[in-house]
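J.: Once you've had a glance at the structure underneath, I'll fire off some questions.
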Amino acid sequence: MPHQDWNVDRRGFARTLFGAFALVGLGGADDAPAASLADLARRTGLRFGSAVRAESLAEPELARLLVRQCATLTPELELKWAPLSPRPDSFDTAGADAIAAFARDNGLRLRGHTLLWHKSVPEWLGRTSGWAPAERHIHAVMERYGALVDEWDVVNEPIDRAGLRNSVLLRRFGVGYIARALRTAHEAAPAARLFLNDYDLEYPIPEQADRRKALLALIASLRRQGAPLHGVGIQAHLSLARGPIDAAVLRDFLAALADQGLAISITELDVRERDYILPAPARDAAVADHVARFLEVALAQPAVGSLSTWGLSDRQSWLEVTPDDLARFPGAWQDGTGPGLNRGLPYDAGLAAKPMRGAIAGALTARRVGQ
Ligand code: G3I
């Protein structure tokens, strides 16, 4: 792995007298709060982290913020099969190596996202047959990066509303592919913690109720088959258009996962906004309030062991304000301004902490140690 000079001196970030009054619940510039999100998480038995793209590490201020706030990083793209293996005989590790080197040099861990995902299958796979290409891929990735990885998303997004997702992976490898992937991963790295990771599991709406049921049914089936599964990732791409979180529904679902002996990770927390027309402080308050409600329930479940946001700053968010979003506010922004970026991550585009950062800090602080 190429060495890069990414070492950032954590102690170089002054812990000021104001640190004792960490801006829990308030946000504020990042150099003000004493306790980082990683510190607050660690005190309650959690690992805090963020997704990151290799290219973002070239931004020194963002790199410094990642080191300051995170204990773990999730490569947003670089560990996926398609970018790693554009041709059958290639293993394009530059991006993943850069993130791994950054993590290693700064004492951070990685989440291994993701070994198999129907949206990142190399195009050449269609010209092959049998399980061997998947087996080679799983072994190669786990062997190269395993020493830094705490949790592997072995299969990403395997379900849909009706049960198993009818994906290219299912069609290519057959219904047993999830158990097979878990077994292959276990062979490649017997000590590795193996996860499934999925989305739209958080809200009390019928489609998501079906998805929760489908995931629990898949887990029961994997258990019957004796497949090695240690945890489940709840992506938590929240949305203000979906209505409120129902505490009892979310609590019961997380308890059902924990009852299966599974660890739970919140893996991709962010918030898609709705009311882009409001002033930024009101938008930020709505996002923070929603995150606080979600985390109050999620972090009360003792099986939850890690929490990651899908990026730290709005500038890196995959969530975009779409033309459809703008069309919902006819006549708005006639002065030529606009709503700017979606504001669903803890730091704004200038890397200033927002109320969402305070909501996360508050939820971490409120969680009892040893829960
Ligand atoms: O880097 C290229 C750039 O050179 C090119 O000009 C541009 C043109 O489209 O594409 C850029 O790559 C894109 C990349 O994001 C970086 O922006 C890819 O096309 C695009 O497919 C990729 O999307 C990522 C997506 O996964 C697919 O890998 C998103 O950033 C990433 O946030 C998203 O992450 C997923 C999780 O893995 C699973 N859960 C949902 C989550 C959000 O969709």
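The values are calculated or read from the model by the stated rules, or taken from the named source; none is laboratory data. In this text the structure is predicted, and so the values were computed from the model without any measurement. Cβ atoms come from the backbone with ideal geometry, glycine included; neighbour counts cover every protein chain shown. The protein model used for the area step is the full one, side chains on, heavy atoms only, and it has no ligands, DNA or RNA in it. Shrake-Rupley method; radii C 1.70, N 1.55, O 1.52, S 1.80 Å.
J.: What lysines sit close enough to LYS80 to cross-link, taking a C-alpha to C-alpha distance under 20 Å and skipping anything fewer than 8 places away on the same chain?
T.: LYS119
J.: Please state the charge dipole magnitude for the chain, taken about the Cα centre, from unit charges on C-beta atoms (+1 on K and R, -1 on D and E), reported in debye and rounded to the nearest 20.
T.: Magnitude of the dipole: close to 1020 debye.
J.: Taking the Cα centre of region 242-371 as origin, sum charge times position over the Cβ atoms of Lys and Arg (+1) and Asp and Glu (-1), and report the length of that vector in debye to the nearest 20. Please report the intermediate quantities before stating the final value.
T.: Numbers: 13 positive and 16 negative charges, 67 e Å.
Here the size comes out at about 320 debye.
J.: Please list the equivalent ellipsoid semi-axes of region 174-272, computed as the square roots of five times the alpha-carbon gyration tensor eigenvalues, in descending order and whole angstrom.
T.: Each semi-axis is the square root of five times an eigenvalue, giving 26, 14, 12 Å.
J.: Further question: Find, among the GluC sites (Glu not before Pro) in region 180-288, those assigned to loop by DSSP (not H, G, I, E, B) with at most 12 other beta-carbon atoms within 10 angstrom.
T.: none
J.: Still on this structure, I have one more. What do you get for Rg/Rh of region 58-140 when both radii come from the Cα atoms and Rh is the Kirkwood radius?
T.: Working: Rg = 14.7 Å, Rh = 14.0 Å.
Result for region 58-140 is an Rg/Rh of 1.05.
J.: Rounded to the nearest 0.05, what FRET efficiency do SER221 and ALA352 have when you use their Cβ-Cβ distance and R0 = 51 Å? The partial results should precede the final answer.
T.: Working: r = 47 Å, r/R0 = 0.91.
It comes to 0.65.
J.: Counting only heavy atoms of protein chains, what accessible area per residue, in Å², does the chain have with a probe of 1.4 Å?
T.: 42 Å²
J.: Out of all DSSP beta bridges in the chain, what portion is antiparallel? Express it as a percent rounded to 5.
T.: So the antiparallel bridges in the chain amount to around 10 percent.
J.: Now for a separate question. Under 15 Å from a label point 7 Å along Cα→Cβ of GLU59: give me every residue in region 289-317 with its amide N that close.
T.: Residues 310-317 qualify, since their backbone N sits under 15 Å from the label point.
J.: How far is the Cα center of region 59-105 from the Cα center of region 114-141, in Å?
T.: Between the Cα centres of region 59-105 and region 114-141 lies a distance of 19 Å.
J.: With the convex hull built on the Cα atoms of region 280-354, state its orientation-averaged projected area in nm².
T.: So the Cα hull casts an average projection of 6.2 nm².
J.: Mean Kyte-Doolittle hydropathy of 0.0 or higher plus an axial Cα length of 24 Å or more: which whole DSSP H helices in the chain meet both?
T.: 280-298
J.: Here is a follow-up. From the gyration tensor of the Cα coordinates in region 107-224, what semi-axes in whole Å does the equivalent ellipsoid have, largest first, with each one equal to sqrt(5λ)?
T.: 24, 19, 13
J.: If you don't mind, another one. Output the antiparallel fraction of DSSP beta bridges having both residues in region 152-246, as a percent to the nearest 5. List each step's numbers first, then the result.
T.: On the way: 2 of 10 bridges.
Here the share of antiparallel DSSP bridges comes out near 20 percent.
J.: Please compute, over every Cα-Cα pair in region 101-175, the percentage with a separation greater than 14 angstrom.
T.: Roughly 66 percent, rounded to a whole number.
J.: Subtract the Cα-Cα distance of ALA366 and ARG136 from 0.36 nm times their separation in residues, and report this length gain in nm to one decimal.
T.: 78.4 nm
J.: Counting other Cβ atoms within 10 Å, keep those with at most 11, restrict to DSSP loop, and tell me which chymotrypsin sites (Phe, Trp or Tyr not before Pro) in region 300-371 are left.
T.: none
J.: Let's test the formula: R0 of 35 Å, r as the Cβ-Cβ distance of ARG328 and GLU123. What FRET efficiency results, to the nearest 0.05?
T.: 0.45
J.: For ALA82 and ARG242, what is the calculated FRET efficiency with R₀ set at 25 Å and r taken between the beta-carbons, to the nearest 0.05?
T.: E(calc), rounded to 0.05, equals 0.25.
J.: Another one. Using a cut-off of under 18 Å, list every residue of region 154-173 whose amide N is near the label point 7 Å from the Cα of GLU207 along the Cα-to-beta-carbon line.
T.: 157-167
J.: Leaving ligands, DNA and RNA out of it, report the carbon-plus-sulfur percent of the accessible area of the chain at a 1.4 Å probe.
T.: 54 percent
J.: Still on this structure, I have one more. Kindly provide the helix-only [θ] at 222 nm of the chain, computed as the sum of -39,500 (n - 2.57) over DSSP H runs of four or more divided by all residues, to the nearest 500 deg cm²/dmol?
T.: Rounded to the nearest 500, the figure is -11000 deg cm²/dmol.
J.: Mind jotting down the three principal axis lengths of the chain based on Cα atoms? Whole angstrom, largest first.
T.: Answer, in whole Å and largest first: 57, 49, 48 Å.
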